[in-house]
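The values are calculated or read from the model by the stated rules, or taken from the named source; none is laboratory data. Every value quoted in this text rests on a predicted model; they were computed, and no experiment measured them. Here the Cβ positions follow ideal geometry from the backbone for every residue, glycine too, while neighbour counts run over all protein chains shown.
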Amino acid sequence: MSAITPEIQSLLDPVVASLKRHQVNGDKEMALSIAQLLMKVISAARWTNTYELIDLMRQIGTVIHRAYPRKVIPGNIVRRVLAIIRDEIETTDENNVPMMSSMFSLLSTSNKQDLQDQKNLPQSKKQTSDMRSIIIQGIRDLVDEISNVNEGLETMSVDLIHDNEVLLTPTPTSDTVLHFLLKARTKRKFTVLVTENFPNDLKQAQVFARKLAEHKIETILIPDSHTYAVMSRVGKVIIGTNAVFANGGCLSSSGVASVVECAKEHRTPVFAVAGLYKLSPLYPFTRNDLIEVGNSGRVLSHDDSELVENVEVVTNPLEDYIPPEHIDIFITNIGGFAPSFIYRIVLDNYKIEDNKLDT
């Protein structure tokens, strides 16, 4: 097993520190910082066999996950890079093994031993150099995908939003939803209802509404309590996501769960927008462990001493888990998919053996 060298540790430490201190602003910035870190690591790493590089990547992934365990995006990027490496190994092996030999190997009982022999087989300097270049190019493509994620999503907005429609979004912190609506405005005229998301996102909701209004979109900022009253007039609910799981469920801003439940009662379609990098191969078995908790003083001010003394626990969850049955379609930068189809997209972008990084 390849260990993390001091040189690689020096690259890793600043990123780990920023994750621990929650100093990375936004999901896209977080994804890009991890991808760029892994590119630097692969440039600096030394290995005699590609499987040693896989071991190193898994170790780095474990360290990054422990720095911010409630965020799945850093782990997603590590697993995407691992998938790039494994795909290249498979391609190389297929090119090197004759077809007849590979057919017989499918029936051979010594496959595991052959794989172990491959892992112990050293590579030439040219093989290592070629592999390094291909993997770095794969990560560059991943960086381009993340950087241009809004452009991929925007192309679908005009087809999904109709003229004179009333839309509601309970995620005013989502930059992706903002770009999605602004793009639709180029060809459609519609009204957007924005919930305040009290107590955590009130200021962001005001900024979000102002940006929409500046682009000639009729925008109304409503209290969270008005959601049920206006839902009968709403044509679509559009939500941003923090993470999308293999079962088709997702994490979104606190308060979204009640909004989509209300939408289900009124049979109002719910569209969730998410970049491909937010899709995770994990399943939300321990949902409470995934939800981040914020400052409880925003829910109940510490100045209200009489109230505080009479309340045992005050919590301020920053996220909600949205079950797949409350979402009609996920809009991603590679197309729109039903929640039940998300697992197929996950299988196309991740390898099952990397679902658990610390084993």
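Could you grab me the full set of residues in the stretch 13-58 that are charged (D, E, K, R) and out of contact with any Ser or Thr (no Cβ under 9 Å at 6 or more places or on another chain)?
ASP13, LYS20, ARG21, GLU29, LYS40
Out of everything in the stretch 322-359 that is of a type in the set (Lys, Arg) and surrounded by fewer than 17 Cβ atoms within 10 Å (Cβ to Cβ), what residue ends up being modelled with the highest pLDDT?
ARG344
Consider ASN310 against the criteria (1) touching a helix residue (DSSP H, G or I) at 6+ places or on another chain (Cβ under 7 Å); (2) more than 20 Å from LEU251 (Cα to Cα); (3) loosely packed, with under 12 Cβ neighbours inside 10 Å: it satisfies all of them except one. Which criterion is unmet?
Every listed condition holds for ASN310 apart from (1).
Are there any pairs with C-beta distances below 6 angstrom linking a residue in the stretch 235-261 that is more than 13 Å from ARG287 (Cβ to Cβ) and in contact (Cβ under 8 Å) with a residue 60 or more places away in the chain to a residue that is among the small types (Gly, Ala, Ser) and surrounded by fewer than 22 Cβ atoms within 10 Å (Cβ to Cβ), with the two at least 6 apart or on different chains, and if so which?
Partner pairs satisfying both residue conditions: GLY248/SER340.
Can you confirm whether the stretch 223-237 contains a residue that is loosely packed, with under 13 Cβ neighbours inside 10 Å, assigned by TED's automatic domain parsing to the domain that holds ALA205, touching a strand residue (DSSP E or B) at 6+ places or on another chain (Cβ under 9 Å) and under 18 Å from PRO172 (Cβ atoms)?
Within the stretch 223-237, one or more residues are loosely packed, with under 13 Cβ neighbours inside 10 Å, assigned by TED's automatic domain parsing to the domain that holds ALA205, touching a strand residue (DSSP E or B) at 6+ places or on another chain (Cβ under 9 Å) and under 18 Å from PRO172 (Cβ atoms).
Considering only the stretch 189-246, how many residues are of a type in the set (Lys, Arg), over 28 Å from the mean Cα position of the chain (by Cα) and assigned to a helix (DSSP H, G or I)?
Qualifying residue count, the stretch 189-246: 1.
Being assigned to a helix (DSSP H, G or I), aliphatic (A, V, I, L, M) and more than 16 Å from the chain's Cα centre (by Cα): is that true of LEU307 here?
yes
How many residues are assigned to a loop (DSSP other than H, G, I, E, B), of a type in the set (Phe, Trp, Tyr) and over 18 Å from the mean Cα position of the chain (by Cα) if we restrict to the stretch 44-76?
Residues that pass the stated criteria total 1.
Mind checking which residues of the stretch 1-43 are exposed (fewer than 15 other Cβ atoms within 10 Å of the Cβ), modelled with pLDDT of 95 or more and either hydrophobic (A, V, I, L, M, F, W, C) or not in a helix (DSSP H, G or I) (or both)?
ALA17
Looking at ARG267, ARG298, can you tell me which residue is within 23 Å of SER225 (Cβ to Cβ), of a type in the set (Lys, Arg) and at pLDDT below 95?
Selected residue: ARG298, the only one of ARG267, ARG298 that is within 23 Å of SER225 (Cβ to Cβ), of a type in the set (Lys, Arg) and at pLDDT below 95.
Looking at THR91, THR169, THR173, which is the one that is touching an Asp or Glu at 6+ places or on another chain (Cβ under 9 Å) and modelled with pLDDT of 85 or more?
Matching residue, one of THR91, THR169, THR173: THR173.
Out of PHE198, PHE190, which single residue is in contact with a Gly (Cβ under 9 Å, 6 or more places away or on another chain), surrounded by fewer than 16 Cβ atoms within 10 Å (Cβ to Cβ) and assigned by TED's automatic domain parsing to the domain that holds LEU153?
One residue alone meets the criteria, PHE198.
Counting only residues that are assigned to a helix (DSSP H, G or I) and hydrophobic (A, V, I, L, M, F, W, C), how many does the stretch 249-301 have?
Number of matching residues: 8.
Being free of Cβ contacts under 8 Å to residues at least 24 places away in the same chain and touching a Phe, Trp or Tyr at 6+ places or on another chain (Cβ under 9 Å) is the requirement here; does PHE330 meet it?
Considered against the rule, which asks whether it is free of Cβ contacts under 8 Å to residues at least 24 places away in the same chain and touching a Phe, Trp or Tyr at 6+ places or on another chain (Cβ under 9 Å), PHE330 comes out as no.
Can you tell me how many residues in the stretch 240-280 are farther than 12 Å from ASP27 by Cβ, out of contact with any strand residue (DSSP E or B) (no Cβ under 7 Å at 6 or more places or on another chain) and either of a type in the set (Asp, Glu) or crowded, with 24+ Cβ neighbours inside 10 Å (or both)?
The total comes to 3.
Does the stretch 310-359 hold any residues that are in a loop (DSSP other than H, G, I, E, B) and under 23 Å from ASP175 (Cβ atoms), and which are they?
ASN316, LEU318, ILE327, ASP328, ASN333, ILE334
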